[in-house]
Every structure is written in structure tokens, then in C-alpha cells.
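Each reported figure results from applying straightforward, stated rules to the coordinates on display, with no laboratory input. Quick caveat, the model's predicted, so the values are computed rather than measured. A quick note on method: Cβ atoms are made from the backbone with ideal geometry, for glycine too, and the neighbour counts reach across all protein chains shown.
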Amino acid sequence: MTGAGGVGGPDLNPHWLAKGLAGLILGFAIGLGLSGLLARTGPGGVEAAYKYMVAMWAVAPVWMLVFALSFLFRSGPRAWLWLGTAALAVHGALLASRLWL
Amino acid sequence: MKAAIIRLYKAVHSWTGLICGLLLFVAFYAGAITMFKEPLAAWAQPLRAGVALRQAPRLIDQVLAERPDAADELTLELGTDGGDARLGWHDPDSGEFFEASRTAAGALAVAPPPDSYLARSIDLIHRAGGIPGDRDFSLYVMGAVALLYFLAIVSGLILILPRLARDLFALRAGRNRKRMWLDAHNAIGVVGLPFHVFIAVSVVIFAFGEPILNLQDRLVYDGRLDRIAQIGDPFAAAEPSGVKAPMLPPGQLLARLRAASPGFEAQRIVYIMPGDRNAVAMIGGRDPAQLSTGIAYARLGAVDGEIQDLSGLPGHGNAWNAWASGFTALHFGTFGGAPVRWAYFLLGLGGAFLFYSGNLLWIESRRRRARRAGAAGAVQNRAAQSRAARAMASATVGTAFGCIAGLSLSIAAAKWLHGHVADLASWHVGLYYGVFLPALAWAFARGAARSVVGLIAAAAFATALIPLASLAAAFVPALGLWNHGGATLGVDLIAAAGALALGWAALRTRRGLASIPRDSLWFAGRRPGPATPSSVIDACTRPAPI
């Protein structure tokens, strides 16, 4: 630790920015994809009344939880790797549901 | 968990708290007040005569006969506790709202309703976190703040988890002030945890819901969202028949709905195409036993009284509707009646305390670290650190007590301004910033230690002005002010209690500052002699030599 951080701030150890950005960006992508899967494959079908509202709300908790927990990853690149894989998987499933369901 | 991860979360907690704390203080304090916006709006303006529910059908007929601008939609606001109802409509061209009443001679009188704008001004300040200017901009800022605020919640929880069982509710009062503040901060944070999670999640949706829906429209719904959203919407248009028919009196419509949904408390009837044979009565209200949004609507035929659609009502629609309205209700506290309102009021005040105490705790930890760094001889960091800590201390006390004083003065002024100024909304917002900004400036100019007692006292004084306005109304009738009793008395009582609590806090703070160690940022006295080398902050808070 050098001194006590920059101008008045507490120390942030390395990778905080990479981890945080991974959580912020990929967390949103994962939340959006999961909400889409809920809307398309969840009970009642895509046209159930008011379901689109729940699908909209569903984005926020997933997004925020991934964002908040992204700092648990051992390093920035690992965060991007794991969350990126998860986002690709979710959006792959969503695309599949649009093509075949 | 690894120590490095815990350290990172500690840093995340500090940074997010520092970045968001001040805006969140304003949002939570003003939000707590909006829990009582109905009594507040009533407190702020004189009683208006409306129309008795029995007389409403005649008034409706009169309006429909004389006012073509009311032909699309008419709203009958039902009086609470059997009080008068009010009949009004929006002019479809100008958007202006009119209310109808009958003169003593039985003629129709039409005028825009008087509005205190007080509750709405406080709501605006609440939504914007006190950021003046463009509403969309401040909403996006608050959405981003809510994301960081959720980080602060999770990181705070991670920090406290290991100690949770041991000393959560141990409020170690006594000589170690920092320990006591930390205990209070932790206890209030954990007690309010679910509330804070709901608030953070819902604000993200309020801010980013539109863009999210637009993205989903393309990614999920293949551009069909507009049509999907219409499904199940009870307001979806009906076709006018062009044939006139008499509508059932409101009392009968309400009785039909009560039979179908007993727990429902109706607040208004919106007539669509009033007077037409296909006229629709949308009865809006809430069911205190259910988690529901502000107002849910049932759809009835206004002519035959037949119930057409109850799916909008809590407990009647599908599960998706229940979930969607439940999320919104969790933000606004619109369920469970008065106990939940009070709980939300207290949780809101508790949230404000959380951000205030969090900032103070950070400042204290700066002092400790600075002292250690001083011992280690890291000289170059000292000045920058203490500057940041001092600025944060000034911003914290200036924002907190400037916000309280500004809102209190804005409320207290409502009775005096009503009927005397044209643009009430601007006055309320202007009074708020007219107090808030100078308070902030004063805190920076004098420094936190030497402004905090005065700021708390000013907040106490401004809050005391609220019940004083009501006392003036009671004892000096010549002023032409008013008191309505009932829930509006609660406004005066809460304000009086708040003023007393703030007055007590001012006295305590003054006493506390007198015994503060000299190396503290809160040391307000003069320091004779040379700077003590034990603390860097000490040197920087010393009055500058003249």
C-alpha cells in the first residue's frame, strides 16, 4: 500500500475497474437476455397480459446483482471471461427461442 | 473470503457512499415526507366546497350539456370519509384542468382548481435527489446513483456479515463516539436492508425502464411490444355508439363494484365517453390488504352498471399483474395502510441518517489514517487528504441540514403564500434552493466544525415554523389562515417533534464539540501555540493567521 491512497480516497486494489465494468456491462446483457427468456418461454406465453412489465422489472435485479458481485472475481480478465461466457449463453438461448419457439 | 476481496469491498463501500450519499440523503428525506403528501396538501390550502355524491348526477348532466370539452372524459374524485366529491376534466386541446361546481342559484360554475403545489414540489425534489434543472437528466443521474447505491448495500453487507451475529444491535453508547455512530449505522442499515434493496431496484427501473423496453422490443418481441402492451389494458378504447343514454348514479356503480370486490376502497370514477350508451366507468382505488400500485382500475359499464373487467384490480388479475404492481407498491409504500406509511416514513428518515452517518464515519477514518500516515512520515499526502476530508465534512453537514431547513421553510411558507402569489410551484422550489444553497455555501465558508451547530439550529427553527403557522391560524383569525384538524394536525405534530429533536441535536452537538480532541476535524475552538505534529488535520483546520 502506498501511503493512504490518492486524493483522500480509500485504496482500490488493482482490477477494480475491469471487474466493475464487466459487472456493469455484461450484467446488463445477462439481465436483458434472461428477461427475454422469461418473456418468451415463461408461463403464459409471450402475450400474457402484464407479463412484459415483469420482464422489464426482471432486468434490474439481475443486472444489479451481477454488478455488485463482480468484485468477487479473482481478476478483471476472469470476470470478463466468465460473465462474457454467461452473456453469450443467455443470448444464444434467447436467439434459439426466437427461431424455434 | 480472501482479505483482498474484503478490502476491495470496503473501498467500494466508501467510494459509492461518498459519491451517492449526498444525493441519496435529499432523496430519502424528501421521500419520507412524501409518505404524507395527502395530509400535507390539505394542510397547505383552505377547504374547498365540492359536490355531495347524491348531487353528482345532476352536476354531470349540467357539465355535459354546457361543456363540449368534457365530452371525452370526466373524473369524479370521491371525497374521503364521506366528504364532498369533485368533478373535473382536462380540456383535450389545451390540457388545462377544470373543476365544476354549482352556485347557490344552481348555475354551473367552472374554474381551474386551486392547488397548493406543495406536495408536488417536494415530490420533484425527492425524484431529482435535489438536483435542480432538467427532470430527465436528474432521473438518469438518480438511476446511475441507484446502481452504485446497490453496490454500497451489497458491499456494506459483505463487510458486516462476519460480525452480524456478534454485535449487530449492541449500541455501544459511551465515550467512543465513533464506535457508537458505527453501531447505529450498521443497525439501521441491516434493519432497513429489504427496503433499501426495493428502493434501489425500483429507481433503476424508473430511470431506465423506457430504454430497457425499447431494447426488449427489438431483442425479444420482434417490434410487437406496442400491441402486446395493450392486451389486458382496461383503458383500451371502447367505441362510442353516438346514442345518448342516462348513466347510473355513482353510488350505484360503487355498490356494484363493492359487491364484486369487497375490500376495494374506491377513490375516483373516470367516465369515458360520458353520456353515451357505451360509456365506461373506470373506478380507481386501492385495496389496503393487497400489494398494489398507487391506483388500480376496475371497468364497469356506466349505463348498465355491468362489470366488464376486474383484472386490473389487485387480487383479480393474473399473476404477472400482481407481480408488476407489487414491485411498484414496494417503492411507494402503497399497501397495508397507515402502518406501512409510517414504517416507510421512518425507514426513509433512517436511510437519510445512514448516508449522513456514513459520510461522518469516513471522515473520522480519514483522521485516523492521516494520523498513522503522519507518524510514518508520508508528508506529501497530508494536505490533499485533509482537504478532501474537510470538503466532504462541509458538503455533508451543509447538504443534510440545508435540505431539512429548506424543505421545512418551503412547507411552512405554504399557508402564508396561498392566494398571495401567482406561481406557487416556483415559490416552493425557489424557497427550498434559497435555503439549501446558502446553507451549503456557509458550511464550506466556515468549515463543518464551526457551521454545524448553526445549521442544525437553523433546521430546527425552520421546522418549528410549520406548527407555528398553524398556531398563528388558530390564535390570530384576522390573518385569514386555516386549520382543518384530522390528519393535518399530524403534520403539525410531526413537525413539532422534528423541531424538538433537531433543537436537542444542536445543543448536544455544541456540547460535544466543546470536548472534542484538538486533532479532530470537528475541533471548532482556537488553537493557541504551534501546530501539534500529531495530526495533519489539526494544522489544516487551524484558523488562518490574519
**Request:** Please identify the helices of chain B, taking whole runs of DSSP H, that span at least 27 Å along their own axis as judged from the Cα atoms and have a mean Kyte-Doolittle score of 0.0 or higher.
**Result:** B:3-34, B:135-167, B:193-219, B:337-376, B:379-417, B:424-446, B:448-475, B:487-514
**Asked** What helices in chain A pass both tests, a Cα length along the helix axis of 24 Å or more and a mean Kyte hydropathy of 1.6 or higher, using whole DSSP H runs?
**Response** A:51-69
**Message:** Could you tell me the calculated FRET efficiency between A:R74 and B:E306, based on Cβ-Cβ distance and R0 = 60 angstrom, to the nearest 0.05?
**Reply:** 0.40
**Prompt:** Could you give the nm distance between label points at B:R102 and B:Q267, where each point is 7 Å from its Cα heading toward the beta carbon?
**Reply:** 2.8 nm
**Fill in**
The extension gain from B:S241 to B:D69, computed as 0.36 nm times the residue separation minus the Cα-Cα distance, is 60.1 nm
**Prompt:** When every alpha-carbon pair in chain B is counted, what percent end up more than 38 Å apart?
**Reply:** 40 percent
**Asked** At what distance in angstrom do the alpha carbon centres of segment B:465-490 and segment B:264-292 lie from each other?
**Response** 34 Å
**Request:** Quick one: pull the percentage of alpha-carbon pairs in segment B:33-169 with a separation above 20 Å.
**Result:** 66 percent
**Fill in**
The extension gain from B:L161 to B:E38, computed as 0.36 nm times the residue separation minus the Cα-Cα distance, is 40.3 nm
**Asked** When you look at the Cβ of every residue in B:317-326, what mean number of other chain Cβ atoms sits within 10 Å?
**Response** 5
**Request:** List the residues of segment B:16-58 whose backbone N lies under 14 Å from a point placed 7 Å from the Cα of B:F198 along the Cα-to-Cβ direction.
**Result:** B:32, B:35
**Asked** Classify the protein assembly as shown: rounded, prolate or oblate, from the alpha-carbon gyration tensor (a ≥ b ≥ c, eigenvalue square roots; a/c under 1.5 rounded; otherwise prolate if a/b is larger than b/c)?
**Response** oblate
**Request:** Evaluate the charge dipole of chain B about its Cα centre and quote only its size in Debye, nearest 20, assuming +1 on the Cβ of each Lys and Arg and -1 on the Cβ of each Asp and Glu.
**Result:** 4420 debye
**Asked** Between B:D61 and B:A391, what is the FRET efficiency for a Förster distance of 56 Å, r being their Cβ-Cβ separation, to the nearest 0.05?
**Response** 0.30
**Prompt:** Counting other Cβ atoms within 10 Å of each Cβ, which GluC sites (Glu not before Pro) in segment B:34-104 have at most 12 and sit in a DSSP loop?
**Reply:** B:E96
**Message:** Below 8 Å, C-alpha to C-alpha, sequence gap of six or more: please give me the relative contact order for chain B in percent.
**Reply:** 16 percent
**Complete:** For segment A:46-101, listing trypsin sites (Lys or Arg not before Pro) in a DSSP loop whose Cβ sees at most 13 other Cβ atoms within 10 Å gives A:R74
**Request:** Can you spot the lysines whose alpha carbon is less than 19 Å from A:K19's alpha carbon? Ignore those fewer than 8 places along the same chain.
**Result:** B:K2, B:K10
**Message:** Could you give me D for chain A, from Stokes-Einstein at 37 °C and 0.692 mPa s, where the hydrodynamic radius is the Kirkwood radius over C-alpha pairs? Units µm² s⁻¹, please.
**Reply:** 218 µm²/s
**Request:** Would you please state the base-10 log of I(q)/I(0) at q = 0.22 1/Å for segment B:99-236, with intensities from the Debye formula using one equal scatterer on every alpha carbon?
**Result:** -1.22
**Prompt:** Of the trypsin sites (Lys or Arg not before Pro) in segment B:25-134, which ones lie in a loop per DSSP and count no more than 12 other C-beta atoms within 10 Å?
**Reply:** B:R48
**Message:** Let's test the formula: R0 of 22 Å, r as the Cβ-Cβ distance of B:R258 and B:H90. What FRET efficiency results, to the nearest 0.05?
**Reply:** 0.20
**Complete:** Within 10 Å of the Cβ of an average residue in B:152-161, the count of other chain Cβ atoms is 2
**Message:** What number do you get for segment B:192-299 when its Cα radius of gyration is normalised by 2.2 N^0.38 Å, N = residues?
**Reply:** 1.43
**Charge-dipole axis of chain B as Lys and Arg at +1 and Asp and Glu at -1 on Cβ define it, positive-most pick from B:G251, B:A457, B:A146** = B:A457
